[in-house]
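To start, the structure itself, in structure tokens.
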Amino acid sequence: QRMSAVEEEAAVREPLDLIRLALDEKVYVKLRGDREIRGRLHAYDQHLNMILGDVEEVITSVEIDDETYEEIIKTTKRAVPYLFIRGDSVTLVS
């Protein structure tokens, strides 16, 4: 049974095919260093370097209170029109 051209194009045969299907879609990218990115995937390569547009970046850091020694979880958000992500910092793409 042969697949149609549309089915052939949508077929997932290797991991990067999932990324290809997400082109021009909103994606969630988790990076090393407790950074999370949401944005529209414009381009990627075999190293998982990516260019995202309409980006929201969330950075989570944990600080220790000097007096009580309690953990203080701090999140910082920023909006960026375009962002280049180096592939070796990517831990998850959804």
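The values are calculated or read from the model by the stated rules, or taken from the named source; none is laboratory data. Being a predicted model, the structure only gives us computed values, none of them experimental. Positions of Cβ are generated from backbone atoms using ideal geometry, with glycine treated the same way; all protein chains shown enter the neighbour counts. In case anyone asks, the SASA skips ligands and DNA or RNA and just uses the protein heavy atoms, side chains included. Shrake-Rupley method; radii C 1.70, N 1.55, O 1.52, S 1.80 Å.
Between Ala11 and Glu71, the contour length at 0.36 nm per residue exceeds the alpha carbon distance by 17.0 nm. In terms of its alpha-carbon gyration tensor, the stretch 45-94 comes out prolate; a/c meets the 1.5 threshold, and the first ratio a/b outweighs b/c. Considering helices alone, the calculated mean residue ellipticity of the chain at 222 nm is -3500 deg cm²/dmol, with DSSP H runs of length four and up weighted by -39500 (n - 2.57) and normalised per residue. Among Tyr28, Tyr44, Tyr69, whose mean-square fluctuation peaks in a Gaussian network model of the chain (Cα, cutoff 10 Å)? Comparing Tyr28, Tyr44, Tyr69 in the GNM, the peak value goes to Tyr69.
A dipole drawn for the chain from +1 and -1 charges on Cβ atoms has a positive end, and of Val55, Leu92, Leu16 the residue lying farthest that way is Leu16. Taking only protein heavy atoms and a 1.4 Å probe, the accessible area of the chain is 51% carbon and sulfur.
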